[in-house]
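Undergrad: Could you have a look at this structure, given as structure tokens, before my questions?
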Amino acid sequence: MPLSRLNKEQYEAATSPHSRNLIIASAGTGKTSTIVGRIAHLLQNGVEPSEILLLTFTNKAAAEMVERVASFFGSKTASKIDAGTFHAVSYRWLKKFDSKVVLKQQRELKTLFRSVYEKRNFQNIAAEVPQYGGNYLYDLYSLYQNTELSRDFESWIKHNYPEHELYALIYADVVEEFEGLKKEFGFLNFNDLLIEFRELAKKEKLGYKEVLVDEYQDTNALQGTIIDAINPPSLFCVGDYDQSIYAFNGADINIIGSFTKKYPNAKVFNLSKNYRSTLPILSLANRVIEHNERIYPKKLEVTRTDVSIPPKLLAYDELFDQYHGIAHLISKTDTPHEDIAVIFRNNATADGVEVALRELGIACKRKGGSSFFDAKEVKAVLDLYTLLVNESDMMAFIHLFEYAKGIGSAMAKELYMALKTLGSGSMFYGLYAPDEKIRNPFEKRNVNHQLGLFDDFLELGAVGKFAKLGFDNRFMKNAVLKHPKLTKDGAMFLYEFYLLYKELKGMKQPRTIVRKIAASRLFEHIASTLASKRAQLKDGSIDENLKSEALLKIQRKMVLLEELSKPYSDHERFLNAMILGSNDLTQGEGVNLLSIHASKGLEFKEVYVIDLMDGRFPNRKLMARGGSLDEERRLFYVAVTRAKDILYLSFAKYDKIKKTEFVPSQFLYEASLLPKDEHYRKMVMMQEKNEEKD
């Protein structure tokens, strides 16, 4: 049984009789075994599996833990445990109470937000700093939702960004209109899932006797209030403050740091035995992380005695020499490529390594940069599919019509609303059977200069300019074509949209629908637009060979998407799997190229942590934007503790393209891999001055 396999520290934590437990589980100390042991203890003591809630950072981690429980108690029992991320659990609960919940990805609602923002005029405000762009303002609003528990958005902007105080009222009004549109169409984003679930938990008895929280150090203020709202009889939180690396996403290290203040009777357990890394690797990691403040005392013990290879520092004269040098080392190693990871702080770093590996014919897979599901062509197909299932999804419509020449997100929203007007609330009725009595489906907007609103409609356009485009008679009569700014290219895109959905009507199988969309003229237009953009040279011309190559890559993605759709026979299950599960899906084989955040929770025999130059890692630009050296140091700690046996740390001295000289990372000095020279002393002095300013 799981408990019999635990060491003394793990066993004491797993069988704790206390109602509030915090387990400090450093890298490689067996936190998963401890959590599984805790679940086993609960089941053996009469707690029903449905009375256990396991909150994890990824759905993959939840599935792995439930699978381990199933190996001892059977899949029937294990499947009744409520396990998943905060978002996944919230979604399931909200679906129980409202089956019409429409979950949208952040990038889709960002487009809706932009369509509201673009109708604001900031020109009348005499401010010394320019206003935030729509995308950045959306990200700020998302951060606000995850971290702020008392102030309204306008007050929050004024407090945190005083130089933008003059814009705060407009920013807040954009948010208010955006929230109104979301409510009107029933849209929820990932933040809304948590907010709605928190309110549900306050009102309803969810029936949990214990809540287990994995990666507790990465919870944010909003997630913390969800735990408070559930208020279970017993709480079991597992984390490591040295691995808190999501501050940019709102994670608050003070949540784990203040656990014993919040719960005065809490019991803190410390898992000290490391089963992953060798003594030289762990010693190096500890030498660096000890420069951070110790929140809870801990001291790690190494249990492995089988191998002891000292970490190796690699110094290269030039940046690209580093990438080629690492690729060459990987080509000579005996370690299987699947058990090798190259870990990077910045995405641009991965590009150089990937090119160098492929030049040597070494396969690699990349995670933490752009994934399959981030590809715009994949998103476009899923948007088209989504509209087939739910025509009320205005966001999918807006996102698609941004591919039409001359149509931005604001105009796309106007076209969508016009079609709904023409169809008495139905976009498709407005497209195929419009009410011919409605001559002007485009509403005038109220002018309000204080909120940045203005009216730019002068008069309706004429449809005669589209007479030679070959539209069928029914489509030509549609009043949506009277939008004054609709160009021939935009009208043709709308017509191709019209033709595609005539073909898709009545189709049931996801695989058939994906194939039909990928073969349509509309998608051909989207693919051509994307391929041209990817093949554009610096002088603005298009390299036709690069365009053909880009189109082939798009085609391959369509084949893969069709493969992913094969197991599904239900529209909603397929789309939900693509939205909720896409972050956990990976593809490819070979050497693992990982951002530090993507490497979290993984382990490899051989690890390369690269580009360890001051400015790059630690990333001084991100530190200046609200990060901290402590956070960068935790990132370094996470990166090096992915290594089990072999660890390489590398840096370059010069970048010949930018003609920039580099200084080694501060962390290399702290790791005792370099003598603390004048460069190091200057870095420390600079850091101390910055801390005094803060």
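Undergrad: So is E402 in contact with a His (Cβ under 8 Å, 6 or more places away or on another chain), closer than 26 Å to V378 by Cα and modelled with pLDDT of 85 or more or not?
TA: Considered against the rule, which asks whether it is in contact with a His (Cβ under 8 Å, 6 or more places away or on another chain), closer than 26 Å to V378 by Cα and modelled with pLDDT of 85 or more, E402 comes out as no.
Undergrad: Check K96, K76 and return the single one that is out of contact with any helix residue (DSSP H, G or I) (no Cβ under 8 Å at 6 or more places or on another chain) and either at pLDDT below 85 or surrounded by 15 or more Cβ atoms within 10 Å (Cβ to Cβ) (or both). Before you say what the answer is, go through the steps one by one.
TA: Values: K76 fails: either at pLDDT below 85 or surrounded by 15 or more Cβ atoms within 10 Å (Cβ to Cβ) (or both).
Just one listed residue meets the conditions, K96.
Undergrad: Okay, moving on. Out of E108, E128, report the one residue that is of a type in the set (D, E, K, R), assigned to a loop (DSSP other than H, G, I, E, B) and more than 17 Å from V213 (Cα to Cα).
TA: Just a single option satisfies the conditions, and that option is E128.
Undergrad: Condition check: at pLDDT below 90 and in a helix (DSSP H, G or I). Does A27 satisfy that?
TA: No, not satisfied.
Undergrad: Can you tell me which residue within the stretch 52-82, out of those that are in a strand (DSSP E or B) and under 20 Å from the mean Cα position of the chain (by Cα), is farthest from K209 (Cα to Cα)?
TA: Step by step, filter the stretch 52-82, then rank; the result is T56.
Undergrad: Could you check I253 against (1) open to solvent by 20 Å² or more (accessible area, probe 1.4 Å); (2) within 30 Å of K420 (Cα to Cα); (3) among the aliphatic types (A, V, I, L, M) and say which number it fails?
TA: For I253, the failing item is (2).
Undergrad: Can you tell me which residue within the stretch 610-641, out of those that are part of a loop (DSSP other than H, G, I, E, B) and among the small types (G, A, S), is modelled with the highest pLDDT?
TA: Applying the filter and picking the extreme gives S628.
Undergrad: Which of the helices (runs of 4 or more DSSP H) contained wholly in the stretch 135-215 include at least 3 residues that are farther than 17 Å from I227 by Cβ?
TA: 153-160, 168-185
Undergrad: Separate question: Quick one: count up the residues across the stretch 658-672 that are among the hydrophobic types (A, V, I, L, M, F, W, C) and surrounded by fewer than 21 Cβ atoms within 10 Å (Cβ to Cβ).
TA: Result for the stretch 658-672: 2.
Undergrad: In addition: Considering only residues of the stretch 410-431 that are among the hydrophobic types (A, V, I, L, M, F, W, C) and open to solvent by 20 Å² or more (accessible area, probe 1.4 Å), which is nearest to T512 (Cα to Cα)?
TA: Checking each candidate, the answer is F428.
Results for (1) farther than 30 Å from P434 by Cβ; (2) open to solvent by 90 Å² or more (accessible area, probe 1.4 Å), shown as yes or no for each residue.
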| site | (1), (2) |
| --- | --- |
| A491 | no, no |
| E496 | no, no |
| G506 | no, no |
| T529 | no, no |
| K533 | yes, yes |
| G540 | yes, no |
| N545 | yes, yes |
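Undergrad: Can I ask one more? When you scan the stretch 400-409, do you find a residue that is within 19 Å of S595 (Cα to Cα), open to solvent by 10 Å² or more (accessible area, probe 1.4 Å) and touching a residue at least 24 places away in the same chain (Cβ under 8 Å), even just one?
TA: no
Undergrad: Would you call A652 open to solvent by less than 10 Å² (accessible area, probe 1.4 Å), hydrophobic (A, V, I, L, M, F, W, C), at pLDDT 85 or above and over 30 Å from G30 (Cα atoms)?
TA: Details: open to solvent by less than 10 Å² (accessible area, probe 1.4 Å): yes; hydrophobic (A, V, I, L, M, F, W, C): yes; at pLDDT 85 or above: yes; over 30 Å from G30 (Cα atoms): yes.
Spelling it out, A652 is indeed open to solvent by less than 10 Å² (accessible area, probe 1.4 Å), hydrophobic (A, V, I, L, M, F, W, C), at pLDDT 85 or above and over 30 Å from G30 (Cα atoms).
Undergrad: Quick one: count up the residues across the stretch 110-123 that are in contact with a helix residue (DSSP H, G or I) (Cβ under 6 Å, 6 or more places away or on another chain) and either at pLDDT below 80 or open to solvent by less than 10 Å² (accessible area, probe 1.4 Å) (or both).
TA: Of the residues in the stretch 110-123, 5 are in contact with a helix residue (DSSP H, G or I) (Cβ under 6 Å, 6 or more places away or on another chain) and either at pLDDT below 80 or open to solvent by less than 10 Å² (accessible area, probe 1.4 Å) (or both).
Undergrad: Counting just the residues of the stretch 609-631 that are touching a Lys or Arg at 6+ places or on another chain (Cβ under 8 Å) and of a type in the set (D, E), which one comes out least open to solvent (accessible area, probe 1.4 Å)?
TA: Within the stretch 609-631, the subset touching a Lys or Arg at 6+ places or on another chain (Cβ under 8 Å) is 611, 614-619.
So of that shortlist, the ones also of a type in the set (D, E) come out as 611, 614.
Values: D611: 4, D614: 43 Å².
Filtering the stretch 609-631 for residues that are touching a Lys or Arg at 6+ places or on another chain (Cβ under 8 Å) and of a type in the set (D, E), the one least open to solvent (accessible area, probe 1.4 Å) comes out as D611.
Undergrad: Of all residues in the stretch 642-677, how many are part of a strand (DSSP E or B) and of a type in the set (A, V, I, L, M, F, W, C)? Walk me through it before giving the result.
TA: Just the residues of the stretch 642-677 that are part of a strand (DSSP E or B), to begin with: 643-652, 654-655, 660-661, 664.
Filter again for of a type in the set (A, V, I, L, M, F, W, C), leaving 643, 646-647, 649, 651-652.
Selection size over the stretch 642-677: 6.
Undergrad: What are the pairs with Cβ atoms under 7 angstrom where one residue, in the stretch 56-84, is without any contact (Cβ under 8 Å) to a residue 12 or more places away in the chain and the other, located anywhere, is of a type in the set (A, V, I, L, M, F, W, C) and surrounded by 15 or more Cβ atoms within 10 Å (Cβ to Cβ)? Sequence gap at least six, or different chains.
TA: Final answer for the pair search is A70/A78.
Undergrad: Are there any helices (runs of 4 or more DSSP H) wholly within the stretch 236-331 with 2 or more residues that are touching a residue at least 12 places away in the same chain (Cβ under 8 Å) and more than 22 Å from V211 (Cα to Cα), and if so which?
TA: Hits in the stretch 236-331: 279-289.
The values are calculated or read from the model by the stated rules, or taken from the named source; none is laboratory data. Remember, it's a predicted structure, so these values are computed and weren't measured experimentally. Every residue, glycine as well, gets a Cβ built from its backbone with ideal geometry; the counts of neighbours run over all protein chains shown. These area figures cover heavy atoms from the full protein model, side chains too; ligands, DNA and RNA do not enter into them. Shrake-Rupley method; radii C 1.70, N 1.55, O 1.52, S 1.80 Å.
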